[in-house]
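Undergrad: Got a structure for you, questions after.
The values are calculated or read from the model by the stated rules, or taken from the named source; none is laboratory data. Predicted, not measured: the structure shown is a model, and the values here were computed from it. Please note: Cβ atoms are built from the backbone with ideal geometry, for glycine as well, and neighbour counts cover all protein chains shown.
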Amino acid sequence: MRITQNFTNRTYLKNNNRLLSNMNKSMTKIWTQKNFLRASEDAINASRAMTVRKSLRELDMYDENLEAAKGVFAAAETSLTTLGHDVYLDVQTKLETACNGTYNKDDLKIFANELRNYAGFAIETLNADYAERQLFGGTNNSAPPFKTIENADGTTTVTYNGVAVNDITDVSAVPGSKPIYVDIGIGIKYNENYEIDPQTAVDVSMNGAELTGYGKETGDDGKVYSKNYVQLIFDAAHALENGDVEYANATLDRFYDANAHVLTEITTLGSKQNSMDFYMTKNDDYRMSLKERQNNVEGCDMNQQIIDLEATEAAYNAILQMSSTILPKSIFDFI
């Protein structure tokens, strides 16, 4: 009789603990809205969940890259718009006024000083930084990319990453001209030389010499003219200082061409920003799909869990009521 009672007691306590454990599990699932908390509880779905979570983390990284790239392009567009609109209109007005009027040498020198101020402002604009990086320095982030050298003859030489803009014939050979690719989630691919395919990533590097023009040309008058936006302003100023109105006037058309190139680059930057918005929207759509997949893999059926909890709780209350008839009373029950 004693052996039978001990067996009954152990069976009762075992079932009691099992029901209590099941009830706690159901409550935990309802609280967390997850079907499992440890991989050992569901190895297959846990593996699937890790894959989904990895994809979600990668999407977050891609979005950060896209936001950073969009910020760089927006800041660059603002700087170039200042050059292509504000500076250009002021310089054009000053040059046209100086070249079309009858001014003495002192007056022309005043115009020249004003042009030099605009050129200096253009240099400052092109040397702008964003998030502690040079916007137009390419891979050069250690020093301002555009600098000026005052020559003995009174002329000013504009340099980009240490190279005179007039001496540049191949802009890709200038220091700091390597691309800076950013992974935005479209799948980076490499060619046979282990170089990144430009179509599979976004290049956030911007070559200031390429944006503002480089090299020089010989005009019909046999004189040499720069193709660089800023260098043309300095050259026009120097010409006015020396009373060479003809040369200063000849820089006007070339300055217009250099500015047209800047305006084209502004349009390109706008297109790049639109591309960033497109990829971010695409990532948002993909994120929604992944979230749904994650919920299917990790989430629990709330209605079913509530039903299971109520059933388990009812069974647990019932087994507690049975304890008075199953478990023998001891002297401690009467104390």
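Undergrad: For the range 140-161, what are the residues that are on the phi > 0 side of the Ramachandran plot and at pLDDT 95 or above?
TA: Taking the range 140-161 and keeping what is on the phi > 0 side of the Ramachandran plot, we get 154, 161.
Result: ASN161, single match.
Okay, residues lined up against (1) touching a Leu at 6+ places or on another chain (Cβ under 8 Å); (2) at pLDDT below 75; (3) under 30 Å from GLN273 (Cβ atoms); (4) in a helix (DSSP H, G or I):
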position	(1), (2), (3), (4)
ASN17	no, yes, no, yes
SER26	yes, yes, no, yes
THR81	no, no, yes, yes
VAL87	no, no, yes, yes
ILE110	no, no, no, yes
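Undergrad: Further, regarding this structure: Just give me the residues in the range 146-166 being without any contact (Cβ under 8 Å) to a residue 40 or more places away in the chain and exposed (fewer than 14 other Cβ atoms within 10 Å of the Cβ), in sequence order.
TA: ILE149, GLU150, ASN151, ALA152, ASP153, GLY162
Undergrad: Kindly evaluate GLY185 against the criterion of being at pLDDT 95 or above, on the phi > 0 side of the Ramachandran plot and of a type outside the set (A, V, I, L, M, F, W, C).
TA: On the way: at pLDDT 95 or above: no; on the phi > 0 side of the Ramachandran plot: yes; of a type outside the set (A, V, I, L, M, F, W, C): yes.
The answer is no for GLY185.
Undergrad: For residues that are under 17 Å from the mean Cα position of the chain (by Cα) and among the small types (Gly, Ala, Ser), scanning just the range 107-148, find the one that is nearest to GLU64 (Cα to Cα).
TA: Here the residue is ALA131.
Undergrad: What about ILE123, is it surrounded by 15 or more Cβ atoms within 10 Å (Cβ to Cβ) and touching a strand residue (DSSP E or B) at 6+ places or on another chain (Cβ under 6 Å)?
TA: Details: surrounded by 15 or more Cβ atoms within 10 Å (Cβ to Cβ): yes; touching a strand residue (DSSP E or B) at 6+ places or on another chain (Cβ under 6 Å): yes.
Answer is yes for this residue.
Undergrad: When the residues of the range 196-222 are filtered to those that are part of a loop (DSSP other than H, G, I, E, B) and in contact with a strand residue (DSSP E or B) (Cβ under 6 Å, 6 or more places away or on another chain), which remaining residue is modelled with the lowest pLDDT? I'd like the intermediate steps shown before the answer.
TA: Restricting attention to the range 196-222, the residues satisfying the condition of being part of a loop (DSSP other than H, G, I, E, B) are 197, 201, 204-206, 213-215, 219-222.
Retained after the next criterion (residues that are in contact with a strand residue (DSSP E or B) (Cβ under 6 Å, 6 or more places away or on another chain)): 201, 204, 219.
Working: ALA201: 90, VAL204: 93, GLY219: 93.
In this case the residue turns out to be ALA201.
Undergrad: Only residues that are part of a loop (DSSP other than H, G, I, E, B) and modelled with pLDDT of 95 or more: list them for the range 123-134, please.
TA: Within the range 123-134, the subset part of a loop (DSSP other than H, G, I, E, B) is 127-128, 130-133.
Passing the criteria: only ASN127.
Undergrad: Hey, another quick one. Test GLY120 against the stated conditions and say whether it is without any contact (Cβ under 8 Å) to a residue 40 or more places away in the chain, part of a helix (DSSP H, G or I) and among the small types (Gly, Ala, Ser).
TA: Working: without any contact (Cβ under 8 Å) to a residue 40 or more places away in the chain: yes; part of a helix (DSSP H, G or I): yes; among the small types (Gly, Ala, Ser): yes.
Answer is yes for this residue.
Undergrad: Right, here's the next one. Which numbered condition trips up MET61, out of (1) surrounded by fewer than 16 Cβ atoms within 10 Å (Cβ to Cβ); (2) within 23 Å of ALA250 (Cβ to Cβ)?
TA: Tallying (1) surrounded by fewer than 16 Cβ atoms within 10 Å (Cβ to Cβ); (2) within 23 Å of ALA250 (Cβ to Cβ), MET61 fails exactly one: (2).
Undergrad: Further, regarding this structure: Do any residues in the range 78-91 that are farther than 14 Å from ALA128 by Cβ and among the acidic types (Asp, Glu) have Cβ atoms under 8 Å from those of residues that are part of a helix (DSSP H, G or I) and at pLDDT 95 or above, where the two are at least six apart or on different chains, and which pairs are they?
TA: Every condition considered, the pairs that remain are ASP90/TYR118.
Undergrad: Checking the structure you have, find out if any residue of the range 254-274 is touching a strand residue (DSSP E or B) at 6+ places or on another chain (Cβ under 6 Å), among the β-branched types (Val, Ile, Thr) and closer than 23 Å to ASN161 by Cα.
TA: Here is the first cut: in the range 254-274, the ones touching a strand residue (DSSP E or B) at 6+ places or on another chain (Cβ under 6 Å) are 254.
After this cut, where a residue has to be among the β-branched types (Val, Ile, Thr) as well, the list is none.
No; the residues of the range 254-274 include none that is touching a strand residue (DSSP E or B) at 6+ places or on another chain (Cβ under 6 Å), among the β-branched types (Val, Ile, Thr) and closer than 23 Å to ASN161 by Cα.
Here is a yes/no grid of residues against (1) acidic (Asp, Glu); (2) closer than 30 Å to ASN242 by Cβ:
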{"position": "ASP167", "(1), (2)": "yes, yes"}
{"position": "VAL182", "(1), (2)": "no, no"}
{"position": "ILE186", "(1), (2)": "no, no"}
{"position": "GLN199", "(1), (2)": "no, no"}
{"position": "LYS227", "(1), (2)": "no, yes"}
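Undergrad: Of all the helices (runs of 4 or more DSSP H) wholly in the range 223-335, which have at least 2 residues that are at pLDDT 95 or above and surrounded by 14 or more Cβ atoms within 10 Å (Cβ to Cβ)?
TA: Working: elements: 229-241, 245-298, 302-326.
Those helices (runs of 4 or more DSSP H) span 229-241, 245-298.
Undergrad: Consider THR156 against the criteria (1) within 23 Å of VAL72 (Cβ to Cβ); (2) among the β-branched types (Val, Ile, Thr); (3) touching a helix residue (DSSP H, G or I) at 6+ places or on another chain (Cβ under 7 Å): it satisfies all of them except one. Which criterion is unmet?
TA: (1)
Undergrad: Right, next: Are any residues in the range 140-174 within 15 Å of ALA119 (Cβ to Cβ) and part of a helix (DSSP H, G or I), and if so, which ones?
TA: VAL165, ASN166
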